[in-house]
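The values are calculated or read from the model by the stated rules, or taken from the named source; none is laboratory data. Just so it is clear, the structure is predicted and the values come from calculations on it, not from any experiment. Every residue, glycine as well, gets a Cβ built from its backbone with ideal geometry; the counts of neighbours run over all protein chains shown. Calculation scope for accessible area: heavy atoms of the full protein, side chains included, ligands and nucleic acids excluded. Shrake-Rupley method; radii C 1.70, N 1.55, O 1.52, S 1.80 Å.
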Amino acid sequence: GESTTSGIVMAPTGGDSNPSEGQVIMVGPGRVSSKGEVMPVDIEVGEFVKFRDYAGSSVRIKGEEYFVVRAAECLAKWK
């Protein structure tokens, strides 16, 4: 399957080319520190996040459009 390391994947963007919030559908294990340790992501699948304007990238996976954002770009989260 597809994976992401230090970021989160959000549901299809619905045509908004510059979304700034979304619902999380996939979370990577976290970023790797300079010492080789995995720093876990404090965001869970199903939560909603608000992230910086113009952060992230739109990607196409198996014909579906998704939005990928680094966890560090997230400003707030809620359920």
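Of all residues in the range 68-79, exactly one satisfies the criterion of being crowded, with 16+ Cβ neighbours inside 10 Å and more than 13 Å from residue 7 (Cβ to Cβ), namely 77. Go through the residues of the range 52-67 one by one and say whether even a single one is crowded, with 16+ Cβ neighbours inside 10 Å, modelled with pLDDT under 95 and β-branched (Val, Ile, Thr). No, the range 52-67 contains no residue that is crowded, with 16+ Cβ neighbours inside 10 Å, modelled with pLDDT under 95 and β-branched (Val, Ile, Thr).
Which one is least open to solvent (accessible area, probe 1.4 Å) among residues in the range 39-51 that are charged (D, E, K, R) and closer than 16 Å to residue 21 by Cβ? Looking at the filtered set, the residue picked out is 47. Taking into account only those residues within the range 1-38 that are open to solvent by 80 Å² or more (accessible area, probe 1.4 Å) and at pLDDT 75 or above, which is farthest from residue 73 (Cα to Cα)? Among those residues, the one meeting the criterion is 35.
In the range 32-44, the condition of being touching a Pro at 6+ places or on another chain (Cβ under 9 Å), outside any strand (DSSP E or B) and aliphatic (A, V, I, L, M) is met by at least one residue.
Within the range 20-39, residues that are polar (S, T, N, Q) have Cβ atoms under 7 Å from residues that are assigned to a strand (DSSP E or B) in these pairs: 20/50; 20/51; 23/10; 23/48; 33/39, counting only partners at least 6 apart in sequence or on another chain.
The residues of the range 45-79 that are among the hydrophobic types (A, V, I, L, M, F, W, C), outside any loop (DSSP other than H, G, I, E, B) and within 11 Å of the chain's Cα centre (by Cα), listed by number, are 48, 49, 51, 67, 68, 69, 71, 72, 74.
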